Structures are given as structure tokens and as C-alpha cells.
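Novice: Structure provided below as C-alpha cells; questions to follow.
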Amino acid sequence: MSRFILHRLLSLIPTVLGISLLVFLMVQLVPGDPAEMMLGERASEQAIQDLRQQLGLDQPLYIQYGMFLSRLVRGDLGRALRTNEKITVEIAERFPATIELSLMAMLFAVTLGMLAGIISATRQYSLFDYASMILSLVGVSMPIFWLGLVLMIIFSVNLGWLPLSGRMSYNIQLQSVTHFYLLDSVLAGDWKALRDVLWHLVLPAFTLSTIPMAIIARITRSSMLEVLRQDYIRTARAKGLSRFAVHYQHALKNALIPVITVIGLQFGILLGGAILTETIFAWPGIGLWLLNAVYARDFNAVQGGTMLVATTFVSINMIVDVLYAWVNPRIKVN
Amino acid sequence: MKVRADRSAPDPVASPAAVAARAALPPKPRSPFREGIGRLVRNRTAVAGLIIITVFLLMALLAPWLAPRDPLAQALYAKLKPPFWDPAGSFDHLLGTDDFGRDLLSRIIYGSRISMLVGLVSVTISLFFGTFAGAVAGFYGGRLDNLIMRFMDLLLAFPSILLAIVIVAFLGPSLRNAMLAIGVVSIPRYARIVRGSVLEEYNKDYVQGARALGAGDGRLIFHHILPNCLAPLIVQTTLGFASAILEAAALSFLGLGAQPPTPEWGAMLANGRALILRAWWAVTFPGLMILFAVLGFNLLGDGMRDALDPRLRD
């Protein structure tokens, strides 16, 4: 097992190096001079020259990449164009918001998705089965940026049940230590703040959860159906075990193996979807930050943010691989 | 031709015995293609998808005749009119108007043109380059295979919408660049399918036989091997349309794809977003269109997977 983990960890190195090369080369896609694009048409020639020098754009490509890599290794992503704040600091403040949102969305997706999948499988061809499978097809096709707006109209504008946007109401004072507001409010023992933060999470997290939820529901259903056809399930039934014992103690455990893989892979989709969800709900996370960097043509910040998200993505995939091998020992290094 | 001529001619031997003899003949074997079509027609999911897609295609083709108004014409006296069933609405604008007084129904109809175009262009890009890369990697193997597939893995190391956003960020926002970005992002999916199929088929006797007869590499790949991996490719292409439409709408929604005043569904949503407190219709209808178009291609792709390629079923 430890050999497998080591193997997967080491295989991460070339991947991350590759990502860095790709992210670095993206600046070459810019039509014209990046420094000029970043500063706009009215910038003076001197300012553009200075920025070119500062970004190393006057050096040959391989030296530029070397500089880029050495800065990456030292954890220095440069400064954001708009705020002149260190990019690493800005990211560190915003990444927890995205993680909090993604985890909450995953919680929704896993509980509701698995529940729907299990009920569908144990009552195959029932009305519930048909309804949930149609809903899951709709869910996979959902433009979440639209769903978010519709939920906002219904639950915030018309019914007034949930807050419109943001992470917290303005009148709530919370000392932020970890930047995870849920954790912060629990640490502070401030239940009013916790309630407020939770309320703000509901709509964005649900919006973000739709696609993974639909996929998890479908996989759970088909995996569960597969297992329910096996001989040992028939034996368990023949022994006279209750429906509950057969379904939840015998079948579910084995049906979960493919579900776990899918859940892991969905985290990547969540990170991508977070960009859209955060935009709609003005959620101050990494997605919204990255998008604002795109709008501001702050190529440095875009590179830094992309690097971080892609690295997180491949790291999660690696963790999923390891977990999968742990749950299912038949899969081993090869 | 010959068969048809026989049938139309008066049958000289229509004796009961001849009829019985003909009935006893084994049924003509159907080609795999026709068999696939048959299974597809019987698949309700696929048929539902096909119907939805047909509606959208007709809408796109007939937009100038279907749309009641010019999708770009502004009418400041008719700003933010609700749909016709609302007491304040009228039959002049069946689905209401936006904040420039533009007819929402007409814009939605014209929007189908852009979404279908986006699907077509992006899928063509990824299908072409993906098939090429996958075929070359699988056929020649070795270092080249390694190089190509590692690059594909690298593209897959990014959440696809993020990669598309970043590519457009550097190229500059426009519908053309969005289509390009979405096309590039999906190349690995096709490359993997084709490479897998090529590896599977390459050592089979018919390929080696053709090679022994002197067929060149190109002929082996395109004439002998690729036709045998069409089924999964067709499925992926259909599903690819769905994700391309969805991603293009997302990019346009973020202001990185189609630019105003283009009647593109995602861009219309972005405009409607500022109006959610006053005009729910400006948000609701464009989004529904995206949902249905994507759903149509997903349904067809799902149904096809079951009908054409049982191996791919999950």
C-alpha cells in the first residue's frame, strides 16, 4: 500500500511540471504584446517597458520558463495588477471560501444523489425510479448559472427565505481566523453567525451540487442494480434476512466502490462549476477572483490561480486513486 | 435496382407453393448499420432526444421566417414588456421584451442558430484533431504514443470549463475564440477513444491481412481500422454537442464568448441577470432553451450508447 501511495505521489511531479509548462506557454496565445495588453492603450512606452522587464518578457522563452518555475517553487506568484497585493496572499484568503462551498455542495450531492440512486434501484421501474432518472438526466444537462438565477428569483426575491448573495450578512461581526466561516463561527461559539453563514451557503451549494448529484444518482442506481443481481444477495434473501439487511448491510457496501470513484472525480467538476456559481452569488472565492483577473487582463494572476486550481484538481484525483485502491485491494500498482 | 424491378413486375409464379417456398427462405441478414438504426428507433430515450434536436435544428434553419421580429431591433417604448399571459403583456411580444425593447422570442429563435453553430464548429475541431492524434498514437505506438497521450493527460488535468476560460482569457473574448477553446478542451476525449480502438483492432487478422496485401498506413487507419470504432465515436460526438453548447453558453454568460448585441442564449442570460428583480422572463426563457438543447443531445447520446454500443453501457 505504501509503495502504491509513493508511486502515485511521484507521478504527480511530472504532471505538475507539465501543468506549469502549459500555464506558462499560455501567455504566448496573447495576440500582440502581453505587457501592452495588461496596461491598456493609454500606458506610456516607459511603463510598458518596465512591466516587460519586470515580467521578464524581454528574455528568451526558456529563461522565462526557468524564472517562472523558480518563482513557483519558492511560492512566489508575483503581485496582482489591480491591488498590488501578493497573489499568494489573495489566493489564501479566497480559497477557503471555495473549499467551503464545494464541500457543502458535495454533501448535498452525495446524500441526495445516493439516496435517490438507492431508492431507484431497490424499487426499479417504480414511479420514483422513472421520476428520479428523468430528473437526473435534466440535472446533467443543467446550465447551473441559469439554475442559480432561477433559485435566486424564487427563494430570495419572491419568497424572501434565503439571502440573495455573499457569504455573510453585513451586520454580522465575525473574527476570521481560518477564513472558513463555518469553522470560524463554531470556534467563536457564535451561533447566530453560524446560522447566517449556513443560510448563505444553501442556494449556492445546492446550485453547484446539481450536476454531481445527478451523476452520483445514476451511478449509484446502476451499481446497486448490478450488485442486487448477484448470487450472494439471493442467498441472503433465501436465509430470510430482512429487506433492510439485504439492501443496506449486504448490497450497499459493494455497490459503493464505483460510487466513490465518481464522487472523487466530481470534485474537479465542482472546482470548475465554482467559477460560475461564485459569479452568480457574488461568492468571494477563487473562481470569482480568477474571473476578475481575466477581466482585468492580469495575466500573472490568471496563471497563478490556474496553476493552483489545476494542481488541486490532480491532487484530489490522486487521493481518490489511493482511496480506491484502499477500498478495493484488487487494484494495485501496474 | 434489380430487386426493385423484379418486385414491380407482375409475379408469374404466385402459386401458393412458391409463396410458401419464399416464406421459408431465411430472412435477409441486416447490415450492422441498419440493425443499429432499428435499435435506435426502438429506444425511447434516443427518439425523445432526436425530436428535441430536430425542433432546434428547424428553428435554426427557419429563423428568418419563424421569428416575428428583427432580433436586434430596439424599441424604447416597449421596454421590459412581460409575456402575453401577463395582464401587462400583449400579443405583439409573445415572450416579452428585454431592457432595450427587443423581442425575446425572436432573439431566442435566432439564438438557436448560434448554439447549433457552436456545437458544430467545436465538435468538428475536437473530432478532427482527436481522431488524428488518437489514430497516430495508437498506430505508431512507442515514443510518439507516449508524447501525444501525456499531452492529452495534461489537458485533462484541468477542469474543462476552467481551461476554456483561461484559453479565451489569453486569446481575447469572442465567439470564435470560445468555439476554438471548447474544441481544444475536448480533444482528449476523442483521442482516447480512437487510440483504444486502434490498439484493439490493430492486431486482428483482417488488418494484418490488408497490410500483407500492401496497404499503406493511411489506408489501414482510415479504410480498415477507423470504420470499426465508429460507434463509440458517434456517441461521443453527440454528447460532445451537448457539452459544447453548455460550455459556450457559460462562456458567453461570463462575457467571454458571444458579445452583445448578438442574440446568444448565454449572453442574453448575462443581460437578464441585471433584471432579475424586474423581469423574470428575460432570465427564464433563454436558460430553458439552453437546458432543452443540451438535454436533447444528452438524451440522443445516451440512447445511442445503449443502442449502438452495448459495451459502453454503465
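The values are calculated or read from the model by the stated rules, or taken from the named source; none is laboratory data. All values derive from a computational prediction rather than experimental measurement. Using ideal geometry, Cβ is built from the backbone for each residue, glycine included, and neighbour counts are taken over all protein chains shown.
Novice: Has region B:197-217 got at least one residue that is within 22 Å of the chain's Cα centre (by Cα) and either more than 23 Å from B:Leu50 (Cβ to Cβ) or outside any helix (DSSP H, G or I) (or both)? It would help to see each step written out before you state the result.
Specialist: Here is the first cut: in region B:197-217, the residues within 22 Å of the chain's Cα centre (by Cα) are B:197.
Narrowing the set further to residues that are either more than 23 Å from B:Leu50 (Cβ to Cβ) or outside any helix (DSSP H, G or I) (or both) leaves B:197.
For region B:197-217, residues within 22 Å of the chain's Cα centre (by Cα) and either more than 23 Å from B:Leu50 (Cβ to Cβ) or outside any helix (DSSP H, G or I) (or both): present.
Novice: Identify the residue in region B:277-287 that is more than 20 Å from A:Ile275 (Cβ to Cβ) and at the interface with chain A (Cβ under 8 Å from one of its Cβ atoms) and, among all such residues, is modelled with the lowest pLDDT.
Specialist: Restricting attention to region B:277-287, the residues satisfying the condition of being more than 20 Å from A:Ile275 (Cβ to Cβ) are B:277-282, B:284-285.
Now narrow it down to the ones that are at the interface with chain A (Cβ under 8 Å from one of its Cβ atoms): B:277, B:280, B:284.
Values: B:Leu277: 80, B:Trp280: 84, B:Thr284: 88.
Per the stated criteria, the residue is B:Leu277.
Novice: Could you list, in sequence order, all residues of region A:116-173 that are in a loop (DSSP other than H, G, I, E, B), more than 10 Å from chain B (Cβ to nearest Cβ), aliphatic (A, V, I, L, M) and touching a residue at least 12 places away in the same chain (Cβ under 8 Å)? Break it down stepwise before answering.
Specialist: Here is the first cut: in region A:116-173, the ones in a loop (DSSP other than H, G, I, E, B) are A:123-126, A:141-143, A:159-173.
If we keep only those that are more than 10 Å from chain B (Cβ to nearest Cβ) as well, we get A:123-126, A:159-163, A:165-173.
Going one step further and asking which of them are aliphatic (A, V, I, L, M), we end up with A:159, A:162, A:168, A:172.
Once the filter is applied, which keeps residues that are in a loop (DSSP other than H, G, I, E, B), more than 10 Å from chain B (Cβ to nearest Cβ), aliphatic (A, V, I, L, M) and touching a residue at least 12 places away in the same chain (Cβ under 8 Å), region A:116-173 yields A:Leu162, A:Met168, A:Ile172.
Novice: Answer with yes or no whether B:Ser90 is surrounded by fewer than 19 Cβ atoms within 10 Å (Cβ to Cβ), away from every other protein chain (no Cβ under 11 Å) and more than 30 Å from B:Lys204 (Cβ to Cβ). Can you show your working first?
Specialist: Numbers: surrounded by fewer than 19 Cβ atoms within 10 Å (Cβ to Cβ): yes; away from every other protein chain (no Cβ under 11 Å): yes; more than 30 Å from B:Lys204 (Cβ to Cβ): yes.
When the stated conditions are applied, B:Ser90 passes them.
Novice: If you check B:Ile125, B:Ile148, B:Ile165, which single one turns out to be crowded, with 22+ Cβ neighbours inside 10 Å and out of contact with any Ser or Thr (no Cβ under 7 Å at 6 or more places or on another chain)?
Specialist: Step by step, each of B:Ile125, B:Ile148, B:Ile165 is checked, and only B:Ile165 is crowded, with 22+ Cβ neighbours inside 10 Å and out of contact with any Ser or Thr (no Cβ under 7 Å at 6 or more places or on another chain).
Novice: Moving to a separate point now. Taking region B:239-269, which residues are without any contact (Cβ under 8 Å) to a residue 24 or more places away in the chain and surrounded by fewer than 22 Cβ atoms within 10 Å (Cβ to Cβ)?
Specialist: Answer for region B:239-269, where residues must be without any contact (Cβ under 8 Å) to a residue 24 or more places away in the chain and surrounded by fewer than 22 Cβ atoms within 10 Å (Cβ to Cβ): just B:Pro260.
Novice: Within region B:290-300, can one find any residue that is buried (at least 18 other Cβ atoms within 10 Å of the Cβ), within 30 Å of B:Arg176 (Cβ to Cβ), touching a Lys or Arg at 6+ places or on another chain (Cβ under 7 Å) and not polar (S, T, N, Q)?
Specialist: No - not one qualifying residue is present in region B:290-300.
Novice: Right, next: Is there any pair with a first residue in region A:1-29 that is under 22 Å from A:Asp321 (Cα atoms) and at the interface with chain B (Cβ under 8 Å from one of its Cβ atoms) and a second that is among the hydrophobic types (A, V, I, L, M, F, W, C) and part of a helix (DSSP H, G or I) whose Cβ atoms are under 7 Å apart and which are 6 or more apart or on different chains, and what are they?
Specialist: A:Thr15/A:Val314; A:Gly18/B:Leu154; A:Ile19/A:Met307; A:Ile19/A:Ala310; A:Ile19/B:Leu154
Novice: What number of residues within region A:121-131 satisfy the criterion of being within 24 Å of B:Val294 (Cα to Cα) and either buried (at least 22 other Cβ atoms within 10 Å of the Cβ) or among the acidic types (Asp, Glu) (or both)?
Specialist: Start the filter on region A:121-131 by keeping residues that are within 24 Å of B:Val294 (Cα to Cα), which leaves A:128-131.
After this cut, where a residue has to be either buried (at least 22 other Cβ atoms within 10 Å of the Cβ) or among the acidic types (Asp, Glu) (or both) as well, the list is A:129.
So the count comes out to 1.
Novice: When you scan region B:231-265, how many residues do you find that are under 18 Å from A:Leu288 (Cα atoms) and within 11 Å of chain A (Cβ to nearest Cβ)? Show your work before the answer.
Specialist: First pass over region B:231-265, keeping only residues under 18 Å from A:Leu288 (Cα atoms): B:247, B:249-257.
So of that shortlist, the ones also within 11 Å of chain A (Cβ to nearest Cβ) come out as B:247, B:249-256.
The number of residues fulfilling the criteria is 9.
One line per residue, one yes/no per condition, for (1) more than 9 Å from chain B (Cβ to nearest Cβ); (2) in contact with a His (Cβ under 7 Å, 6 or more places away or on another chain); (3) among the aliphatic types (A, V, I, L, M):
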{"site": "A:Gln249", "(1), (2), (3)": "yes, no, no"}
{"site": "A:Phe281", "(1), (2), (3)": "yes, no, no"}
{"site": "A:Pro284", "(1), (2), (3)": "yes, no, no"}
{"site": "A:Ala293", "(1), (2), (3)": "no, no, yes"}
{"site": "A:Ala301", "(1), (2), (3)": "yes, no, yes"}
{"site": "A:Ser315", "(1), (2), (3)": "yes, no, no"}
{"site": "A:Met318", "(1), (2), (3)": "yes, no, yes"}
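Novice: Could I ask something else about it? Specify which of the listed residues (A:Leu135, A:Leu149) is of a type outside the set (Asp, Glu) and more than 20 Å from A:Arg167 (Cβ to Cβ).
Specialist: On the way: A:Leu149 fails: more than 20 Å from A:Arg167 (Cβ to Cβ).
Unique residue meeting the criteria: A:Leu135.
Novice: Before we move on, is A:Met224 among the aliphatic types (A, V, I, L, M), farther than 29 Å from A:Gly139 by Cα and touching a residue at least 60 places away in the same chain (Cβ under 8 Å)? Working first, answer last.
Specialist: On the way: among the aliphatic types (A, V, I, L, M): yes; farther than 29 Å from A:Gly139 by Cα: no; touching a residue at least 60 places away in the same chain (Cβ under 8 Å): yes.
Taking the combined requirement at face value, the residue does not satisfy it.
Novice: How about region B:157-176: which of its residues are free of Cβ contacts under 8 Å to residues at least 40 places away in the same chain and not β-branched (Val, Ile, Thr)? Let's see the steps before the verdict.
Specialist: Pass one, region B:157-176, residues free of Cβ contacts under 8 Å to residues at least 40 places away in the same chain: B:157-159, B:162-163, B:166-167, B:170-172, B:176.
Correct list: B:Ala157, B:Phe158, B:Pro159, B:Leu162, B:Leu163, B:Phe170, B:Leu171, B:Gly172, B:Arg176.
Novice: Moving to a separate point now. Output yes when any residue across region A:223-230 is away from every other protein chain (no Cβ under 11 Å), over 25 Å from B:Thr45 (Cβ atoms) and of a type in the set (D, E, K, R), and no when none is.
Specialist: Checked against the condition, which is being away from every other protein chain (no Cβ under 11 Å), over 25 Å from B:Thr45 (Cβ atoms) and of a type in the set (D, E, K, R), region A:223-230 yields no hits at all.
Novice: Quick one: how many residues across region B:141-174 are touching an Asp or Glu at 6+ places or on another chain (Cβ under 7 Å) and more than 7 Å from every other protein chain (Cβ to nearest Cβ)?
Specialist: The qualifying residues number 1.
Novice: Condition first: buried (at least 19 other Cβ atoms within 10 Å of the Cβ), of a type outside the set (A, V, I, L, M, F, W, C) and over 30 Å from A:Arg52 (Cα atoms). Can you find one or more residues in region A:297-310 that meet it?
Specialist: no
Novice: Tell me which helices (runs of 4 or more DSSP H) are completely within region B:229-314 and hold 2 or more residues being within 20 Å of the chain's Cα centre (by Cα) and acidic (Asp, Glu), or say none if there are none. If you could, list the steps in order and put the result at the bottom.
Specialist: Numbers: elements: B:230-253, B:265-273, B:280-308.
Filter on region B:229-314 gives B:280-308.
Novice: Would you say A:Gly264 is surrounded by 15 or more Cβ atoms within 10 Å (Cβ to Cβ), within 12 Å of chain B (Cβ to nearest Cβ), small (Gly, Ala, Ser) and in a helix (DSSP H, G or I)?
Specialist: On the way: surrounded by 15 or more Cβ atoms within 10 Å (Cβ to Cβ): yes; within 12 Å of chain B (Cβ to nearest Cβ): no; small (Gly, Ala, Ser): yes; in a helix (DSSP H, G or I): yes.
No, not satisfied.
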